[in-house]
2 protein chains.
Amino acid sequence: MQNKNKTVVRSMDVLNLFLTHTKLSMNEMVKLSGIPKTSVHRMVGSWEEMGFLHRDAEGTYSLGLLFLQFGNLVAERLDIRHAALPAMERLRDAVGEAVHLVLRDGEEAIYIEKLDTNHPVRLFTKIGKKAPLYAGASSRIILAFIPEEEREAYLADLALEPISSGTIIDKALLRESLERSRATGYSFSRSELESYTAELSAPIFDHAGRILAAISIAGLEVTFDEERLPELVCRVKAAADEISTQLGYRRP
Amino acid sequence: MQNKNKTVVRSMDVLNLFLTHTKLSMNEMVKLSGIPKTSVHRMVGSWEEMGFLHRDAEGTYSLGLLFLQFGNLVAERLDIRHAALPAMERLRDAVGEAVHLVLRDGEEAIYIEKLDTNHPVRLFTKIGKKAPLYAGASSRIILAFIPEEEREAYLADLALEPISSGTIIDKALLRESLERSRATGYSFSRSELESYTAELSAPIFDHAGRILAAISIAGLEVTFDEERLPELVCRVKAAADEISTQLGYRRP
DNA sequence: ATTATAGTTCCGCAATTCGGAACAACAATG
DNA sequence: CATTGTTGTTCCGAATTGCGGAACTATAAT
């Protein structure tokens, strides 16, 4: 793993521009990436030949349909997604808020499935979105339940950066929150990743009792009032437990 | 476009192995691809660094979660998919068969959305699946409605290869079928891509009257009997027209 | 006619990739 | 416990490949 194709990895810079831009001309890519024109030209030609970029009639580029194929393969092969979907739908219908499924990916959490509501004002999370393990209810419930050594290693040289108005940036407070989550079996966050939003999350375990993912209810902060919380906590934990059971988990 | 990063394009061979394999070890990739061990090692390292491959605990590789992100971006940016989904759902519920949305992609057709049924025996199409433009109802309805010059250019040096038991391999028959489709506004296929299956498809047009996609009802051949066809034809054409209208198409 | 802008090609230099071979780590076997 | 096999990783000299400034083409705007 020391050895890599630098050219290949470098070309990724061009592809990444399409995470934030739908269509780009050759020149726009040159300007945005800061890579010499000739090199961009070569890289784009390669991505196009592979099918990851598509050139339309006017000569502008967008992401290729090949991503549909690979993307769906990945989605299909994630069996936790299959196991979780029905319970997620029921939870969404019961609480009328968006429901998310979140996986750990190294030192980050990644949103792999979402169910939206029909509210005129709604939270809109992108699948594939990442968050650090210390911010947001889903991330933190994962952090709370990973093995202690891993957690300590992560916390040891962690720099807490504020992401939104409510992000926890005090390590002592973070540890306290993790303790509480382990004790109560859920975690709650207010405006940690996005202002005016709140997230309530419970852990999903595999047959061996290891944390595998988190399921969460997310919505506007104002709708998560004190009276409503107990019911939501109960429901999200029930949904999480249902999925865990399906994956072979037996409560200790 | 003459100039390409050969290294980058060559690495695609390794990634493509994952279209047919869920997990692969380093050695399996070496054997399957026929590329020297050292080179595979380098390529895999690059894909991993980019996030397109993921290495699990046992040292085997699978497609990375990054594909979820890119795949969903592509899906979201295809506005025809948004426009078509509600009509597709209603069609699926009305006829109780799988419903597909198919786009043209150069000289091929590509399935970009599917709605499955709950039948115990059901057709299962993968999103991203490709088919030549001459085989299958959806492919052929697209071929029937593209501009005449393009169609003639395609037909000119076309070698008709049988794909399944019912594939049309006679160019005269193909032309005849295309004529009929243009006249009737739908196309029907039996066992052209997959034995024992049938597909019934209607064209979707954009505001300028160009064919943009095809919608189709697909299922087991035995369930598409003569008495049922007229109703199915009516329904699939209605769904297609609805989507076309939504995209700004006005019937001539 | 002139200037500007985007896209493409050329080409010599140098950095990167190539791949055989050797090595390390580990499991299976006699 | 030595031996053989399997898999993953590193080394290194040869040479292919990528690099990028510059020049060229095409088309649009002034």
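Here are some notes:
- Qualifying residue in the range A:61-68 (condition: within 18 Å of the chain's Cα centre (by Cα), among the small types (Gly, Ala, Ser) and over 29 Å from B:Arg42 (Cβ atoms)): no
- For B:Leu32, the requirement of being touching a strand residue (DSSP E or B) at 6+ places or on another chain (Cβ under 6 Å) and either over 30 Å from B:Ser244 (Cα atoms) or in the same structural domain as B:Cys234 (by TED's automatic domain parsing) (or both) is not met.
- Residue tally, condition part of a helix (DSSP H, G or I) and more than 9 Å from DNA strand D (Cβ to nearest atom), over the range A:1-39: 18
- Residue satisfying all of: in the range B:106-141; part of a strand (DSSP E or B) and open to solvent by 40 Å² or more (accessible area, probe 1.4 Å); nearest to the other protein chains (Cβ to nearest Cβ) among these: B:Lys130
- Out of A:Leu24, A:Leu63, one residue alone is closer than 22 Å to B:Asn72 by Cβ, touching a residue at least 40 places away in the same chain (Cβ under 8 Å) and open to solvent by less than 30 Å² (accessible area, probe 1.4 Å). It is A:Leu63.
- Scanning the range B:34-60 for residues that are within 27 Å of the chain's Cα centre (by Cα) and more than 16 Å from DNA strand C (Cβ to nearest atom) yields B:Gly51, B:His54.
- Among the candidates A:Ser164, A:Ser189, A:Ser201, residue that is surrounded by 22 or more Cβ atoms within 10 Å (Cβ to Cβ) and in contact with an Asp or Glu (Cβ under 8 Å, 6 or more places away or on another chain): A:Ser189
- Take the conditions (1) of a type in the set (Lys, Arg); (2) more than 9 Å from every other protein chain (Cβ to nearest Cβ); (3) out of contact with any Leu (no Cβ under 6 Å at 6 or more places or on another chain); A:Arg42 misses just one of them, which is (2).
- Taken over the range A:176-220, the criterion of being in contact with a strand residue (DSSP E or B) (Cβ under 9 Å, 6 or more places away or on another chain) and without any contact (Cβ under 8 Å) to a residue 24 or more places away in the chain is satisfied by A:Arg180 alone.
- Here the condition is being touching a His at 6+ places or on another chain (Cβ under 6 Å), under 25 Å from A:Ala131 (Cα atoms) and open to solvent by less than 50 Å² (accessible area, probe 1.4 Å); of A:Ser216, A:Ser244, it holds for A:Ser216 alone.
- Residue check, B:Arg90 over 30 Å from B:Leu155 (Cβ atoms), facing another protein chain (nearest Cβ under 10 Å) and either part of a helix (DSSP H, G or I) or within 16 Å of DNA strand C (Cβ to nearest atom) (or both): no
- Enumeration of residues in the range B:53-69 that are under 17 Å from B:Met12 (Cα atoms) and touching a strand residue (DSSP E or B) at 6+ places or on another chain (Cβ under 7 Å): B:Leu53, B:His54, B:Tyr61, B:Ser62, B:Leu63, B:Gly64
- Positions within the range B:54-73 being within 12 Å of DNA strand D (Cβ to nearest atom) and outside any loop (DSSP other than H, G, I, E, B), in sequence order: B:Arg55, B:Tyr61
- Total residues in the range B:1-21, condition more than 15 Å from DNA strand C (Cβ to nearest atom), under 18 Å from A:Asn5 (Cα atoms) and open to solvent by 80 Å² or more (accessible area, probe 1.4 Å): 0
- Meets criteria (surrounded by fewer than 17 Cβ atoms within 10 Å (Cβ to Cβ) and in the same structural domain as A:Leu133 (by TED's automatic domain parsing)) for A:Glu89: yes
- Sole exception among (1) free of Cβ contacts under 8 Å to residues at least 12 places away in the same chain; (2) over 30 Å from B:Leu101 (Cα atoms); (3) in contact with a strand residue (DSSP E or B) (Cβ under 7 Å, 6 or more places away or on another chain); (4) facing chain A (nearest Cβ under 8 Å) for B:Glu48, by number: (1)
- A:Arg42 falls short on exactly one of the conditions (1) within 16 Å of DNA strand D (Cβ to nearest atom); (2) touching a helix residue (DSSP H, G or I) at 6+ places or on another chain (Cβ under 6 Å), and that condition is (2).
- Some residue of the range A:63-75 being more than 7 Å from chain B (Cβ to nearest Cβ) and touching a helix residue (DSSP H, G or I) at 6+ places or on another chain (Cβ under 6 Å): no
- Helices (runs of 4 or more DSSP H) fully within the range A:148-252 counting 3 or more residues that are under 30 Å from A:Pro86 (Cβ atoms) and modelled with pLDDT under 95: A:229-246
The values are calculated or read from the model by the stated rules, or taken from the named source; none is laboratory data. Everything numeric in this text was worked out from a predicted model, so none of it was measured. Cβ sites come from the backbone with ideal geometry, for glycine too, and all protein chains shown count toward neighbours. Please note that ligands, DNA and RNA were not included when accessible areas were found on the heavy atoms of the full protein model with its side chains. Shrake-Rupley method; radii C 1.70, N 1.55, O 1.52, S 1.80 Å.
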